[in-house]
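Here the structure is laid out as structure tokens; the discussion comes afterwards.
The values are calculated or read from the model by the stated rules, or taken from the named source; none is laboratory data. Everything numeric in this text was worked out from a predicted model, so none of it was measured. Because the Cβ atoms are built from the backbone with ideal geometry, glycine has one as well, and the counts that use them run over all protein chains shown.
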Amino acid sequence: MLPNRTTLAIVYSLVALLLFDLMGLVIKYLSADYSAAELSAYRNFCGLIPSAIVLWSSSAWRAAGRRIRVRQWPLAMARGVILTFAQFTFYMSLGLLSFATASSITYANALFMTALAVPLLGEKVGLLRWGAVLIGFAGVMLIVKPGSDAFTPAALLPLISALLYALAGVTARMMDDDVPSALINLYSTGVAAMGALALVFVTGGFSPLAQISDIGWILAMGGFGGTAVLFLVVSYRMTEQSNLAPFSYFGIPMAFVLGWIFFDEAPWEELFPGAILVAFGGLMIVWRERRLRHRSA
């Protein structure tokens, strides 16, 4: 018996999560010899290929006449600049923190998106969702531990990254409805690639290859990230995003297991119970948004 479209979309989204984590593992491995700016540049230039494939295969783009220029191109380019610094801070955190800790803190982006939607999109957020945001942020604070001896400034990097990724998500929703998501993604990836390249030269330029095998790792990093984007886009086309959002939090235990296997990291005290509160707050927001959507349908 073949799985239905929603089930298949969930499977694709979980595969995308795994591929993103594999990309992160490679970034953490390479961060010993290459800067975050260099790795971001490599990742984005490799990502232009799958971004172009997604756009070319987009039925919405073809129906719109295969146009490249968009009316809100400054906003699309600004989103690319935001992504440049989101990636830069996250990739830097992977080299300084345990893999699971850096990954888990970035899941605060759902909380930031809810908060940013009020001033930027004019959305009304009720007490339940604000409560979910506060619970999630309490979880983030338990992981970051500000003011304690265990606090490290590096823990702020994935938090900044989460805020920037959330801002990128909100700005995508500010684009005209008739602009295909694949076109927005291509604009963002192209600008992020140029932005990362600029950061490389500002921070000292490209490092020489530490070893020839690193070429394979760099290609693998780009391949994992680019393929993950493809799987994610396909899954979003097959079902509503609200059906997929709850499963994104599988990324927290997945990152913990992968960090344990590949880097012998088991940051139980750093992550728990904070990571549980982050996931719980995010899931409360997803649940509330689904209920509101069903009421208005």
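Residues checked against (1) surrounded by fewer than 21 Cβ atoms within 10 Å (Cβ to Cβ); (2) under 30 Å from G65 (Cβ atoms); (3) in contact (Cβ under 8 Å) with a residue 24 or more places away in the chain:
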| site | (1), (2), (3) |
| --- | --- |
| Q211 | yes, no, no |
| M221 | no, no, yes |
| G226 | no, yes, yes |
| W268 | yes, no, no |
| A275 | no, no, yes |
| F280 | yes, no, yes |
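One line per residue, one yes/no per condition, for (1) basic (K, R); (2) under 20 Å from M284 (Cβ atoms):
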| position | (1), (2) |
| --- | --- |
| S98 | no, no |
| S103 | no, no |
| T106 | no, yes |
| L111 | no, yes |
| T114 | no, yes |
| A117 | no, yes |
| K124 | yes, yes |
| L128 | no, yes |
| A132 | no, yes |
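Of all the residues that make up the range 173-209, how many are more than 19 Å from I68 (Cα to Cα) and not in a helix (DSSP H, G or I)?
At the first step, the residues of the range 173-209 found to be more than 19 Å from I68 (Cα to Cα) are 195-209.
Restricting the remaining residues to those that are not in a helix (DSSP H, G or I) gives 203-209.
Of the residues in that region, 7 qualify.
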Residues in the range 242-255: is at least one modelled with pLDDT under 85, of a type in the set (A, V, I, L, M, F, W, C), closer than 24 Å to L186 by Cα and part of a helix (DSSP H, G or I)? yes
With criteria (1) under 15 Å from the mean Cα position of the chain (by Cα); (2) under 23 Å from L25 (Cα atoms), W260 comes up short on (1)
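Residues are listed down the side, and each one gets a yes or a no for (1) farther than 28 Å from I261 by Cβ; (2) of a type outside the set (S, T, Y):
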position: I10; (1), (2): no, yes
position: S13; (1), (2): no, no
position: G24; (1), (2): no, yes
position: N44; (1), (2): no, yes
position: V70; (1), (2): yes, yes
position: A78; (1), (2): yes, yes
Discussion item. Yes or no: the range 87-94 includes at least one residue that is more than 20 Å from A196 (Cβ to Cβ) and not aromatic (F, W, Y).
Written reply: no
Q) Within the bounds of the range 182-195, is there any residue that is of a type outside the set (V, I, T), in contact with a helix residue (DSSP H, G or I) (Cβ under 9 Å, 6 or more places away or on another chain) and closer than 22 Å to L96 by Cα? A) no
When every residue in the range 228-261 that is in contact with a Lys or Arg (Cβ under 9 Å, 6 or more places away or on another chain) and closer than 25 Å to A60 by Cα is compared, the one surrounded by the fewest Cβ atoms within 10 Å (Cβ to Cβ) is E240
Note on A166: of the conditions (1) in a loop (DSSP other than H, G, I, E, B); (2) surrounded by 18 or more Cβ atoms within 10 Å (Cβ to Cβ), unmet is (1)
Requested in this report: Determine whether the range 6-18 contains at least one residue that is surrounded by fewer than 18 Cβ atoms within 10 Å (Cβ to Cβ), assigned to a helix (DSSP H, G or I) and in contact with a Ser or Thr (Cβ under 6 Å, 6 or more places away or on another chain).
Outcome: yes
R69 meets each of (1) among the basic types (K, R); (2) touching a residue at least 12 places away in the same chain (Cβ under 8 Å); (3) farther than 17 Å from S161 by Cα with one exception, condition (2)
Among residues of the range 51-73 being of a type outside the set (G, A, S) and outside any helix (DSSP H, G or I), the residue surrounded by the most Cβ atoms within 10 Å (Cβ to Cβ) is V70
Q. Does R79 satisfy being more than 30 Å from P267 (Cβ to Cβ), of a type outside the set (A, V, I, L, M, F, W, C), touching a Phe, Trp or Tyr at 6+ places or on another chain (Cβ under 9 Å) and touching a residue at least 40 places away in the same chain (Cβ under 8 Å)?
A. yes
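The rows are residues; the columns are (1) in a helix (DSSP H, G or I); (2) surrounded by fewer than 23 Cβ atoms within 10 Å (Cβ to Cβ); (3) modelled with pLDDT under 90.
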position	(1), (2), (3)
I49	yes, yes, yes
L75	yes, yes, no
L83	yes, no, no
Q87	yes, no, no
T101	yes, no, no
Y107	yes, no, yes
L116	yes, yes, yes
ask   = Does G216 satisfy the condition of being at pLDDT below 90 and closer than 25 Å to I53 by Cα?
value = no
